[in-house]
1. Residue check, L148 against (1) surrounded by 20 or more Cβ atoms within 10 Å (Cβ to Cβ); (2) more than 12 Å from the ligand (Cβ to nearest atom), all met but one. Which one?
2. Which ones in the stretch 78-108 are surrounded by 20 or more Cβ atoms within 10 Å (Cβ to Cβ) and within 16 Å of the chain's Cα centre (by Cα)?
3. Scan T253, T216 and give me the residue that is modelled with pLDDT of 95 or more, β-branched (V, I, T) and within 16 Å of the ligand (Cβ to nearest atom).
4. Looking at the structure I just gave you, is R240 assigned by TED's automatic domain parsing to the domain that holds T155, away from the ligand (no atom under 16 Å from the Cβ), touching a residue at least 24 places away in the same chain (Cβ under 8 Å) and not aliphatic (A, V, I, L, M)?
5. Can you name the number of the only condition in (1) touching a Pro at 6+ places or on another chain (Cβ under 9 Å); (2) of a type in the set (K, R); (3) buried (at least 20 other Cβ atoms within 10 Å of the Cβ) that K177 fails?
6. Return a yes/no flag: does the stretch 34-56 have any residue that is among the polar types (S, T, N, Q), closer than 14 Å to S239 by Cβ, surrounded by 15 or more Cβ atoms within 10 Å (Cβ to Cβ) and under 33 Å from the mean Cα position of the chain (by Cα).
7. How many residues does the stretch 75-130 contain that are within 16 Å of the ligand (Cβ to nearest atom), free of Cβ contacts under 8 Å to residues at least 40 places away in the same chain and charged (D, E, K, R)?
8. Is it true that some residue in the stretch 7-30 is acidic (D, E) and in contact with a His (Cβ under 6 Å, 6 or more places away or on another chain)?
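The values are calculated or read from the model by the stated rules, or taken from the named source; none is laboratory data. In this text the structure is predicted, and so the values were computed from the model without any measurement. Note that we place each Cβ from the backbone using ideal geometry, even for glycine, and neighbour counts take in every protein chain shown.
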Amino acid sequence: MPTREQLIKSLKENKGCWISGESLSARLNVSRAAVWKQVRSLREDGYVIEASPKKGYHFTACSQRVLPDEIRDGLQTRVFGKKDIVHVLETDSTNVLIKEQADRGAPEGLVVLSEGQKKGRGRRGRTWFSPHFENIYLSFLLRPIIPLVESARLTLLTAVVAAETLRASTGLQVTIKWPNDIMYGEKKLGGILAEIRAEMDLVDYVAVGIGINVNTEHFGDKLQKEATSIFLETGEAFSRSDLITEFLNRFETAYSRFLETGFAGVRKKWKALSSMVGRQVQADLPAGICCGEVMDIDDEGALLIRDDKRHIHRITFGDVYLVRGDDFR
Ligand code: BTN
């Protein structure tokens with residue numbers, strides 16, 4: 001393990017206590033000057049570490065920033081984030097940034113992260129709440145060789161991996177609401193925006209953007225009824241770098257499996273993680289409103305709703321809401 005990571009580990013183990021420079025230098029097998037140099041670099045990255053000539057070092061908080069180096073060190077991937085992680089303090093939207101790179105020929109696996117977004121984008125022209133240093137704003141590039149009609153599967157695959165990551169890392173019983181909402185109870189914890197460029201009917205690239213509300217404490221009057229964060233639900237601040245690392249590791253495995261074996265495995269997992277299967281919903285479609293019970297998703301990722309005349313409707317677009325009186329689990 002590199003010295004920097006060993007130092008972070010030792011400091012985290014002694015969080016809230018003083019630990020002497022001498023003891024750190026013995027543990028890390030480097031000089032005291034080298035310990036001091038690393039502490040300075042950690043402070044520059046936003047870690048909160050007090051230093052006293054008599055007592056040594058006192059670590060109180062992890063960096064508020066996303067740290068690409070920490071992410072890279074934790075990645076067990078071959079492609080995702082391995083070659084390039086672009087990390088910026090601010091951008092209009094990480095999806096816009098990654099599409100610019102994709103248009104210039106960037107390879108699959110490119111990851112773009114921002115600490116905040118000025119024009120964070122949601123589905124159907126909505127905006128995405130993107131305050132600085134609180135949440136995850138991540139986009140990554142896919143270049144799968146698949147027909148355009150199959151591309152919706154990638155949003156569902158991403159939602160499955162995001163829900164699994166959050167369940168494993170936070171213990172929260174996170175669910176998925178079709179097509180792209182990451183939910184905790186009735187409130188939205190995250191969302192996915194996949195933007196596709198295709199030539200004829202073959203996908204050229206997919207820019208997948210994912211936003212996860214990690215440490216936000218206040219959403220403001222308008223959003224607080226419908227949005228929540230991991231912090232608000234657990235009372236704990238989570239490291240965004242750790243969550244991103246865990247997500248990318250899981251995503252690469254799930255994506256390779258999907259390309260090799262098809263959608264059946266994703267569909268099964270999606271159904272198990274869905275907050276909608278078996279519930280009465282209303283779908284607002286361009287052609288009107290459709291009500292019924294959610295049965296499943298089909299092989300192309302469309303939502304299947306059975307109405308009271310037992311007709312099955314295939315929903316490929318639009319918003320779907322639980323009917324009043326049939327609340328979220
Ligand atoms: C939605 O639920 O409507 C989708 C929200 C997607 C938000 C993410 S944040 C990172 C990426 N950049 C954007 O502008 N949007 C996505």
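1. Answer for L148: the failing condition is (1).
2. Once the filter is applied, which keeps residues that are surrounded by 20 or more Cβ atoms within 10 Å (Cβ to Cβ) and within 16 Å of the chain's Cα centre (by Cα), the stretch 78-108 yields F80, G81, I85, S93, T94, N95, I98.
3. On the way: T253 fails: within 16 Å of the ligand (Cβ to nearest atom).
Criteria check complete, one pass: T216.
4. On the way: assigned by TED's automatic domain parsing to the domain that holds T155: yes; away from the ligand (no atom under 16 Å from the Cβ): no; touching a residue at least 24 places away in the same chain (Cβ under 8 Å): yes; not aliphatic (A, V, I, L, M): yes.
For R240, the condition - assigned by TED's automatic domain parsing to the domain that holds T155, away from the ligand (no atom under 16 Å from the Cβ), touching a residue at least 24 places away in the same chain (Cβ under 8 Å) and not aliphatic (A, V, I, L, M) - is not met.
5. Evaluating K177 over (1) touching a Pro at 6+ places or on another chain (Cβ under 9 Å); (2) of a type in the set (K, R); (3) buried (at least 20 other Cβ atoms within 10 Å of the Cβ) leaves (1) as the failure.
6. So far as the stretch 34-56 goes, no, none of its residues is among the polar types (S, T, N, Q), closer than 14 Å to S239 by Cβ, surrounded by 15 or more Cβ atoms within 10 Å (Cβ to Cβ) and under 33 Å from the mean Cα position of the chain (by Cα).
7. Number of matching residues: 5.
8. Step one: filter the stretch 7-30 for residues acidic (D, E), giving 13, 22.
Still in the running and in contact with a His (Cβ under 6 Å, 6 or more places away or on another chain): none.
Checked against the condition, which is being acidic (D, E) and in contact with a His (Cβ under 6 Å, 6 or more places away or on another chain), the stretch 7-30 yields no hits at all.
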